[in-house]
There are 2 protein chains.
Amino acid sequence: MQRKLLAAATALFLVAQPMRSAHADATDAQIARIVDEGLSHSQAMANASELMDGIGPRLTNSENFDKAADWALGKFKAYGLSNVHKESYPFGVNWNLDGWSAKMVQPRTIAMTAMPVAWTPPTNGAISAPVILAPMSKKEHFAKWRGKLAGKIVLVSLPGEASQSDKPQFHRFDGKELADLDKYELPSDELEPYKDFTKSVSFAYELSQFLKAEGALAMVRKSYRENGLVTGEGYNIDPAKRLALPFMELSSEDYRRLARLEIAGKPPVISLEIAAHTNDADTDADYLVADIPGSDAGAGYVMAGGHFDSWIAADGATDDGVPSVVVIEAARIIQSLGVKPKRTIRFALWSGEEQGLLGSIAYIEKHLATRPVDSNAYGVERFVKWTTQFPISKGPDYDRLKAYFNLDNGAGKIRGIYAENNVAATPLLKKWLAPFDGMGAGTVVAGRTTGTDHQYMQAVGLPGFQFIQDPLDYGSRVHHSNIDTLDHAPPDDVRQAATIMAAMLWQAANSEAVLPRPPLPTAPSKANPFKVEDPDKE
Amino acid sequence: MQRKLLAAATALFLVAQPMRSAHADATDAQIARIVDEGLSHSQAMANASELMDGIGPRLTNSENFDKAADWALGKFKAYGLSNVHKESYPFGVNWNLDGWSAKMVQPRTIAMTAMPVAWTPPTNGAISAPVILAPMSKKEHFAKWRGKLAGKIVLVSLPGEASQSDKPQFHRFDGKELADLDKYELPSDELEPYKDFTKSVSFAYELSQFLKAEGALAMVRKSYRENGLVTGEGYNIDPAKRLALPFMELSSEDYRRLARLEIAGKPPVISLEIAAHTNDADTDADYLVADIPGSDAGAGYVMAGGHFDSWIAADGATDDGVPSVVVIEAARIIQSLGVKPKRTIRFALWSGEEQGLLGSIAYIEKHLATRPVDSNAYGVERFVKWTTQFPISKGPDYDRLKAYFNLDNGAGKIRGIYAENNVAATPLLKKWLAPFDGMGAGTVVAGRTTGTDHQYMQAVGLPGFQFIQDPLDYGSRVHHSNIDTLDHAPPDDVRQAATIMAAMLWQAANSEAVLPRPPLPTAPSKANPFKVEDPDKE
C-alpha cells in the first residue's frame, strides 16, 4: 500500500491533462492591450482608496464586511460581469467593534496603544483595576496563580525583551533569492500540521474560563510585534466557546512598562474599555463570486481570488484588501478588451481566510471536492483537520476548474509564481509569464506556500497557484497590524500585479493547453515508516 | 588677520595644558572596584524604571519635569552628594499636556495616532470639521489658499509616499564603522549653521497667524516618521509668539489616509481635542547640579552630564532619560568607592536641550564663558546665534573645568569617545579608555558631534567630549517618538555605559595630566576667501 502510494505521488507530477479545446491561444495583441489598460489606465489605487480609506477593515461576518461586499459586488456589476453574487457558509458569531480605549491611570495617566482581541466580549463601560503579571501558556501554569487574581486585570504574556534584530524591514527579492525559492518540498505525512495553533485557540478559551472563575476582570496580552504595533488577532469564533472575559492586546512598549512597574512592586492601575456588539442570529458568512462568461460552455473555467476579509487593525490594506482590489481590477482590464474568452473567468473574493481559509473551503466543498470532515470541527479546528481526511470525492466543478490563481502575499509587485509542487505545470506557467520578464515577474518556482486560499485546492489535486510577490514590509511590520494602510501598497506595484493577473487569466482562459494536475490525492505513505516517536515529545 | 587666525587654529590642537597637580593617578584597584560596582551591583535599570515608567516625559519647565527633578535631586542626596541644587534661567512658557484625541468621524469613525505639537494652544473641547489639504512651507504658498480655509482643519504637510528604505533599523557599530568616525572635521566659517531651523520655527508661527486670519480651526502636520510613529516636536516657546491655532501631528498613515480621501473629492471630517494648561507666571527653567567634592580645592573640577528634559511623546527614555540615569548611576558608583577624588566631580542634568541646548548655554554663561549674544534672541534663535559671536570672555570656572563628558546618543553602550576635533586630547582619552577595550569601548576618534550639551563648551575652547554609543534603533525610529520607552534601552548597554562614565570621571578627577584645550577661540578666517556666493541661492 505504501509503495503504491509512493508510485502514485511520483506519477502525480508527470501526468498532464488532455487538451480539450480547439480555440486559439490568446493573441499577442490582446496581451498588449491588457498591458496598456492595466498600466496606463489603472483604476486600482482609486478603487483601493474607496475600499481601504473609505470603508476600512472587513472582519468576516461583520457589518463592515457586508458594506465592503456591497461595494465590491457593485464594482463587478459596473464592469459588466455576470453571475455576481454571494455564497454563504456556516461561520460563527457576527461581531462588530465599535471602539476601545486603554489607559494607565496609576502611577500616572497615559494613553496606551491597544487593540481588542477580535471576537472578545465587550467591557460594558470602562473597567479600572490594578494589573497582575501572571504569564500563562498552558493549564499547568494555572495552579501558581489560583487565589491571586480576584479583582485584577491579568497580564497573561511573558514580557520578554525588545528585539535587537538588524534585518531590514523593507525588502525586494533579488535574483538569488528568487532562485532560492525554486525548491521542491517533499510531501508531508504529518496529519495535523497546525495542531499547536488549535491548541492555542483552545487555551485562550480555557484561560478565560479560569480567570473568570478566579474573579479576574479582564485579560491582557502583549503584541507579538514591537515598536508600537498591535494586531488584535483572535480566533475564538465558536459561539459555544466564547471567551469568558474581555481580552485586550497592548503594544509591547505599553505592556512591558506595566510589567516593570508591577515587578518593581507598584502594580499600576489601568482602565480598559471595549465597545462591541454581536448579532447572534447571523452565523453565516459570505464570499463573493463574479464571472466573465466564456464562449465555450464545455471548456470549464479559470479563476482568480484573494480574501476580502481582514483583521480589525487599521484597514486590512495589504492583507488582503489591495490584492482583492487587484482581482477586481483584473476583471475590469479583461472586460476592457471587449472579447469573450473561451473559458469562463471567475473572480472570487473569499472570507473567513484569517480564521482558517473557511470561505475557500466552503467553495471547495460546494463546487469542487469533499472530504469526510468532522462536522463538529469549528473555525480553526475545521481548517486544521480539513487537509488530512481521505478519501476525497470530486464535486461538480472538479474537472471544470482549469486554473486558480491566488494573490495574498501583501501588496508587493508580482515576481513570478509558485508551482506549488505541481512541477508539471512549470512549462506552461513559464510560457504565460514570459511577456512579463521585463517587469520582473518571469520566475516560476517549484516551491509551495501555505496558509491561504489556494492551499486546499492544491490539497485536493486542483491546479491552484499563488503568485510570488516582493515582500516589502509586509511580514516585518505591516501584516495584521495597526499600520496596514494603503501607504504600504506602492501604486506601481499594484498596477503591475493587476496587469499580470489579468494576462495570466486571459491566457489560461484561452489556451489550448491546460495546466496539468496530479491524480486525485489519496492518503500518503509514511515518509519514514521506521521512525519511532520520542515519547517525551509534546 | 586671516593668516594669523589660521595659525592660531593650527596651534589650537597642539597646545596641552600644563600639569597642575601632584596627586597620584587613579589606581587600577579603584577601576576594578568601579567595574564591579557598575556591572555586578547596578541600580541603573531600577532607577530608570522609576523615572521613565513611573514619572514619564519631562518637557522643560513642565510640572512633570519638576516632579522628575525632585526625584533626581533625591537620588543625588541619597547617594551622599553635596551641593545638590537647581539653577534657573529664562526659558519661556510653562506648558503641560493633559490629554488629547484625534478621530476621523466621516466617512467612518476611527481613532488616529496623534501627538499634539509641543507648546500648542489647547482646543478647549473637541473641534470637529472637514479637512483641507493645503501644503505650505513658505509664505509664498499662502496666496493659493486665501479664502479657502474658513471653518476647516488644515493639513499643512505634503503627504509624500511611504518610505521604501531597506536599511536595518537596529544596528551596532562594527570595527570599520568605528574607524570611519575617526575623521577630523575642518572648522567651519559658516555663521549660522542652523538658520533653516530658525526659519522653520518662525514659519510655524506665521502659518498659524495666516490660518487664524483665514478662519481655519486648527493645523495638522504629518509625522516625519513612518509606521505609526509620532513625535510632537515643537519649538514655539517664545511667550510673545505663541502659535495662534491648535497644532496636531498625525502618524504618516493617518495623515495620508485623510489626504487621499480629500484628493478623491470626499474631504473627511475629523475631530481633534488637545487639553493642556500653562503657568504664565513661571518662565524660568531649571537644570540640576550635584557634586562629589574633591580633596584639592585648587585642582578644579571634572563633570559629566546628560539632558534631563525630553519631548512629550512616550517616556523620553533613550533621549535622554537613560543617559541621565547613567549620570546618576556614575555618581552612585563613585560614591561606593568611599574615597575622595582629587578634583571635585560634578554631575549636571540639563534642561532646554531639545529647544536649543538652553540649559547648558545658561550654565556656560553663569560659570564658564560669555559671548556678546543678542539679548532678544529666544529659544532656538538664541541657540543658533550663540555659537557665532565674538569675543569670548572667560567666566569664573573657565580654567577650573578640566573635562566634561556628555552622554546623549541614545541608550546604546559606549564604544569610545569623540575627541571633538581636540586631537591633542586623544592620547590621554585613549589611556583612560584602555581598560574598557574588552567592553568594546576603547575607540577615540577625532570627529565632532553637535546638537547636544558639550557642543558649546567645546565651542568656547573647553575640553567637552561626547561618548560614542552603539546606534541601536535610536535614530531610525525611537528618537523623540511615541515608542521612546525603556524597552529600547538594553540593560546590558546601560550598566556598561554607567561603569565607563564613572571610570572616566574618576580618572579625569585624579589624573596628574589634564586634558589639553585649544586657545580661547576667536573669529575664524574664511575657509576660502575667494569664494563668491551664488545670488540665486536661498
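The values are calculated or read from the model by the stated rules, or taken from the named source; none is laboratory data. Since we're looking at a predicted model, the values are computed, not measured. All Cβ positions, even for glycine, are placed from backbone atoms using ideal geometry, and neighbour counts span all protein chains on display.
Within the range B:400-424, being at pLDDT 95 or above, part of a loop (DSSP other than H, G, I, E, B) and at positive phi holds for one residue alone: B:GLY410.
Within the range A:449-490, restricting attention to residues that are among the hydrophobic types (A, V, I, L, M, F, W, C) and assigned to a loop (DSSP other than H, G, I, E, B), the residue that is nearest to the other protein chains (Cβ to nearest Cβ) is A:ILE483. Pull up the range B:34-50, narrow it to residues that are small (Gly, Ala, Ser) and within 12 Å of chain A (Cβ to nearest Cβ), then point me to the one that is nearest to B:PRO323 (Cα to Cα). Here the answer is B:ALA48. Within the range A:474-494, the set of residues being among the charged types (D, E, K, R) and within 17 Å of A:GLY440 (Cα to Cα) comprises A:ASP492, A:ASP493.
Please count how many residues of the range A:176-223 are within 14 Å of chain B (Cβ to nearest Cβ) and either modelled with pLDDT under 95 or part of a loop (DSSP other than H, G, I, E, B) (or both).
Here is the first cut: in the range A:176-223, the ones within 14 Å of chain B (Cβ to nearest Cβ) are A:177, A:222-223.
Filter again for either modelled with pLDDT under 95 or part of a loop (DSSP other than H, G, I, E, B) (or both), leaving A:223.
Matching residues across the range A:176-223 total 1.
One line per residue, one yes/no per condition, for (1) surrounded by fewer than 24 Cβ atoms within 10 Å (Cβ to Cβ); (2) more than 14 Å from chain A (Cβ to nearest Cβ); (3) within 21 Å of B:HIS141 (Cα to Cα):
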{"residue": "B:ILE237", "(1), (2), (3)": "no, yes, no"}
{"residue": "B:ALA240", "(1), (2), (3)": "yes, yes, no"}
{"residue": "B:LEU250", "(1), (2), (3)": "no, no, no"}
{"residue": "B:GLU253", "(1), (2), (3)": "no, no, no"}
{"residue": "B:GLU262", "(1), (2), (3)": "yes, no, yes"}
{"residue": "B:GLU273", "(1), (2), (3)": "yes, no, no"}
{"residue": "B:ASP280", "(1), (2), (3)": "yes, yes, no"}
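Entry remark, the range A:53-66: residues being under 20 Å from the mean Cα position of the chain (by Cα), assigned to a helix (DSSP H, G or I) and not acidic (Asp, Glu) number 3 in total.
For residues that are away from chain B (no Cβ under 13 Å) and out of contact with any strand residue (DSSP E or B) (no Cβ under 6 Å at 6 or more places or on another chain), scanning just the range A:51-68, find the one that is surrounded by the fewest Cβ atoms within 10 Å (Cβ to Cβ). If we take residues in the range A:51-68 being away from chain B (no Cβ under 13 Å) and out of contact with any strand residue (DSSP E or B) (no Cβ under 6 Å at 6 or more places or on another chain), then A:ASP66 is surrounded by the fewest Cβ atoms within 10 Å (Cβ to Cβ). Any residue that is touching a residue at least 60 places away in the same chain (Cβ under 8 Å) and under 30 Å from A:ASN47 (Cβ atoms) - is there at least one of those in the range A:145-157? No: the range A:145-157 contains no residue that is touching a residue at least 60 places away in the same chain (Cβ under 8 Å) and under 30 Å from A:ASN47 (Cβ atoms).
What about A:THR231, is it closer than 30 Å to A:LEU407 by Cβ, within 14 Å of chain B (Cβ to nearest Cβ) and surrounded by fewer than 22 Cβ atoms within 10 Å (Cβ to Cβ)? Talk me through it step by step, then tell me what you get.
Values: closer than 30 Å to A:LEU407 by Cβ: yes; within 14 Å of chain B (Cβ to nearest Cβ): yes; surrounded by fewer than 22 Cβ atoms within 10 Å (Cβ to Cβ): yes.
Yes.
Of all the numbered requirements in (1) within 28 Å of A:SER310 (Cβ to Cβ); (2) charged (D, E, K, R); (3) under 23 Å from the mean Cα position of the chain (by Cα), A:ASP397 misses one, and that requirement is (3).
Yes or no: B:GLY352 surrounded by fewer than 24 Cβ atoms within 10 Å (Cβ to Cβ), within 15 Å of the chain's Cα centre (by Cα) and within 29 Å of B:MET52 (Cβ to Cβ)? Walk me through it before giving the result.
Numbers: surrounded by fewer than 24 Cβ atoms within 10 Å (Cβ to Cβ): no; within 15 Å of the chain's Cα centre (by Cα): yes; within 29 Å of B:MET52 (Cβ to Cβ): yes.
Judged against the criteria, B:GLY352 is not a match.
Here A:ALA377, A:ALA362 are screened, and the one residue that is of a type outside the set (Lys, Arg), in contact (Cβ under 8 Å) with a residue 60 or more places away in the chain and closer than 30 Å to A:VAL117 by Cα is A:ALA362.
Residues of the range A:195-234 that are more than 25 Å from A:GLN169 (Cβ to Cβ) and among the basic types (Lys, Arg): A:LYS195, A:LYS199, A:LYS212.
Is it the case that B:ALA285 is away from chain A (no Cβ under 13 Å), over 26 Å from A:PRO490 (Cα atoms), in a helix (DSSP H, G or I) and of a type in the set (Gly, Ala, Ser)? Answer is no for this residue.
Can you work out which of the residues in the range B:460-514 that are acidic (Asp, Glu) and within 30 Å of A:SER252 (Cβ to Cβ) is surrounded by the fewest Cβ atoms within 10 Å (Cβ to Cβ)? Here the answer is B:ASP492. Taking the range B:117-128 as the range and being outside any loop (DSSP other than H, G, I, E, B) and among the hydrophobic types (A, V, I, L, M, F, W, C) as the test, only B:ILE127 passes.
For the range A:72-95, residues that are buried (at least 17 other Cβ atoms within 10 Å of the Cβ) and either within 12 Å of chain B (Cβ to nearest Cβ) or assigned to a loop (DSSP other than H, G, I, E, B) (or both) total 6.
Is it the case, given these coordinates, that A:ALA102 is touching a residue at least 60 places away in the same chain (Cβ under 8 Å) and assigned to a helix (DSSP H, G or I)? No; evaluated as a whole, the condition is false for this residue. With respect to the conditions (1) under 29 Å from A:GLY228 (Cβ atoms); (2) more than 14 Å from chain A (Cβ to nearest Cβ), B:ALA299 lacks only one, and its number is (1).
Checked against (1) more than 30 Å from A:GLU512 (Cβ to Cβ); (2) outside any helix (DSSP H, G or I); (3) among the aliphatic types (A, V, I, L, M), A:VAL384 meets all criteria but (2).
Can you spot a residue in the range A:105-116 that is touching a strand residue (DSSP E or B) at 6+ places or on another chain (Cβ under 8 Å), buried (at least 18 other Cβ atoms within 10 Å of the Cβ), away from chain B (no Cβ under 13 Å) and not hydroxyl-bearing (Ser, Thr, Tyr)? So far as the range A:105-116 goes, no, none of its residues is touching a strand residue (DSSP E or B) at 6+ places or on another chain (Cβ under 8 Å), buried (at least 18 other Cβ atoms within 10 Å of the Cβ), away from chain B (no Cβ under 13 Å) and not hydroxyl-bearing (Ser, Thr, Tyr). Does A:ASP320 count as within 30 Å of B:ILE110 (Cα to Cα), in contact (Cβ under 8 Å) with a residue 24 or more places away in the chain and part of a loop (DSSP other than H, G, I, E, B)? Here the answer is no, as A:ASP320 does not meet what is asked.
For the range A:304-320, the criterion of being buried (at least 22 other Cβ atoms within 10 Å of the Cβ), more than 14 Å from chain B (Cβ to nearest Cβ) and among the β-branched types (Val, Ile, Thr) is met by none of the residues. Given the criteria surrounded by fewer than 24 Cβ atoms within 10 Å (Cβ to Cβ) and in contact (Cβ under 8 Å) with a residue 24 or more places away in the chain, does B:SER295 qualify? Spelling it out, B:SER295 is indeed surrounded by fewer than 24 Cβ atoms within 10 Å (Cβ to Cβ) and in contact (Cβ under 8 Å) with a residue 24 or more places away in the chain.
Here's the yes/no breakdown for (1) touching a residue at least 40 places away in the same chain (Cβ under 8 Å); (2) crowded, with 19+ Cβ neighbours inside 10 Å:
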position: B:LYS167; (1), (2): yes, no
position: B:PHE170; (1), (2): yes, yes
position: B:LYS176; (1), (2): no, no
position: B:ASP182; (1), (2): yes, no
position: B:PHE197; (1), (2): yes, no
position: B:SER200; (1), (2): no, no
position: B:GLU206; (1), (2): yes, no
position: B:VAL220; (1), (2): yes, yes
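Among the hydroxyl-bearing types (Ser, Thr, Tyr), without any contact (Cβ under 8 Å) to a residue 60 or more places away in the chain and more than 25 Å from B:VAL339 (Cα to Cα): is that true of B:SER49 in this structure? Judged against the criteria, B:SER49 is not a match.
The one condition from (1) out of contact with any Ser or Thr (no Cβ under 9 Å at 6 or more places or on another chain); (2) in contact (Cβ under 8 Å) with a residue 24 or more places away in the chain; (3) in a loop (DSSP other than H, G, I, E, B); (4) within 14 Å of another protein chain (Cβ to nearest Cβ) that B:VAL131 does not meet is (3).
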